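Novice: One structure coming up, written as structure tokens, with questions to follow.
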Amino acid sequence: MKQYELTIGWLYPTLMSTYGDRGNVIVLERRCQWRGYNVKVLPLDQNATAEDIKSVDLIVGGGAQDRQQEIVMRDLQGAKAEAMREKIENGTPGVFTCGSPQLLGHYYEPGFGQRIQGLGILDIVSVHPGENVRRCIGNLVVEVTATRLARDLQEMTGSKPYLIGFENHGGRTKLGKVEALGRVVYGLGNNGEDGTEGVFHQNAIATYSHGPLLPKNPFVADWLIQTALRLKYQQPITLSPIDDTLAMQGREAMFKRLQVDLPT
Ligand code: GLN
């Protein structure tokens, strides 16, 4: 059997790990290892080059505090910014949480201080209404509505895809001409007003959902891995199953506690 190799690029692990999103990296790494793949995690931080960014097969970006986001955006300029744009536009899969999507959008206005220009890869803008306005904090349940992703996930799991997570953000995000990741079933999502949550662009999943997202929704991790392998090896690769009974029981318990009745 061929031994697949995958490199996971992790955006600014030190600056963008405030909200536990490291769990997403661990889940991707483990699920690859359990299947016998050769997996490597490459930090994409201040020491990384544009070539490093170009070399990865999958990208993970976590949440951050406003100050750290500013430092990241000062670093993610020029050739590095171009490499990120190229990767995402060419379909490299990725999961970007909270602070990361804000940076992939046109700009983020923090509650205090100057507007931070983003990379403009996602047609979104994010504005923090100020420290006197309540943060969006709490459990989050989302029905995936992004057409291709919803279809793929339904095919993988045999049921309508719902994500469960936890949001913790001050910024409110408005979408331009871009597909939302899903529809909020419980919680606030992008802005607490229009019922949208996250963005799906090419193969990039942007979300306000920490949790971290992937341990609570392992089928999304498999979608990311499968998409990365198919792109890299240019053949229809199907992943071997992993026993996710415990994760699924955890999800059931959460839905019950939040009194969210999902269609079966
Ligand atoms: N600093 C951003 C906000 O408050 C992002 C927070 C986060 O990544 N959880 O909106």
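Novice: If you filter the stretch 157-264 for GluC sites (Glu not before Pro), then keep DSSP loop positions with at most 15 other Cβ within 10 Å, what is left?
Specialist: Qualifying residues, ordered by number: GLU193.
Novice: Identify all lysines with a Cα-Cα distance to LYS80 below 24 Å; exclude those on the same chain that are fewer than 8 residues away in sequence.
Specialist: LYS40, LYS54, LYS232
Novice: Indicate, rounded to the nearest 5 percent, the antiparallel portion of the DSSP beta bridges found entirely in the chain.
Specialist: 55
Novice: Provide the three semi-axes, in whole Å and in decreasing order, of the ellipsoid equivalent to the chain as defined by the square roots of 5 times the Cα gyration tensor eigenvalues.
Specialist: 26, 24, 15
Novice: Something else now. Which residue, SER55, VAL72, VAL260, has the largest displacement toward the positive end of the dipole of the chain when charges sit on each Cβ (Lys, Arg +1; Asp, Glu -1)?
Specialist: The residue sitting farthest along the positive end of the dipole is VAL260.
Novice: Which order do the peptides 102-112, 45-55, 25-35 come out in when sorted by mean C-beta neighbours inside 10 angstrom, highest first?
Specialist: Ranked from most to least packed, the peptides come out as 102-112, 25-35, 45-55.
Novice: Mind checking which of LEU149, LEU246, LEU163 has the largest fluctuation in a GNM of the chain, springs on alpha carbons under 10 Å?
Specialist: Maximum among the listed residues: LEU246.
Novice: So which of LYS177/LYS256; LYS160/LYS216; LYS2/LYS87; LYS2/LYS216 end up more than 27 Å apart by C-alpha?
Specialist: Distance filter (> 27 Å) returns LYS177/LYS256; LYS2/LYS216.
Novice: Once phi is turned into ³J(HN,Hα) by the Karplus curve 6.51 cos²θ - 1.76 cosθ + 1.60 with θ = phi - 60°, what whole-Hz value does each residue of the stretch 227-232 show in order, with x for glycine and proline?
Specialist: For the stretch 227-232, the Karplus curve yields 5, 5, 5, 4, 5, 6 Hz.
Novice: Beyond 16 Å, what share of the Cα-Cα pairs of the stretch 200-264 is found? Please give it as a whole percent.
Specialist: In whole percent, the share of Cα-Cα pairs in the stretch 200-264 beyond 16 Å is 59.
Novice: Run through the DSSP bridge list for the stretch 95-245 and note the antiparallel percent, rounded to the nearest 5.
Specialist: 80
Novice: Another question, then. Which ³J(HN,Hα) values in Hz, rounded to whole numbers, follow from the phi angles of the stretch 34-42 under the Karplus curve 6.51 cos²θ - 1.76 cosθ + 1.60, where θ = phi - 60° and Gly and Pro get x?
Specialist: Once θ is set to phi - 60°, the couplings for the stretch 34-42 become 4, 9, x, 7, 8, 10, 10, 10, 10 Hz.
Novice: Follow-up question, since we're still on this one. For the stretch 139-264, what are the per-bin percents of Cα-Cα distances with bins 5 Å wide, up to the bin holding the maximum?
Specialist: In order of increasing distance, the bins hold 2, 10, 20, 24, 20, 13, 6, 3, 0 percent.
Novice: What is the distance, in nm, between label points placed 7 Å from the Cα along the Cα-to-Cβ direction at LYS232 and at ALA253?
Specialist: Placing both labels 7 Å along Cα→Cβ, they lie 3.4 nm apart.
Novice: Continuing with the same structure: Within 10 Å, count the other beta carbons around each residue, average over each peptide in 66-74, 199-207, and list them highest first.
Specialist: My ranking of the peptides, most packed first, is 199-207, 66-74.
Novice: A further question follows. So how do 136-145, 4-13 stack up, highest first, on mean other-Cβ count within 10 Å?
Specialist: 4-13, 136-145
Values quoted throughout were computed directly from the atomic coordinates according to the rules given, and no laboratory measurement underlies them. Being a predicted model, the structure only gives us computed values, none of them experimental. Quick reminder, even Gly has a Cβ in these numbers, built from the backbone with ideal geometry, and neighbours come from all protein chains shown.
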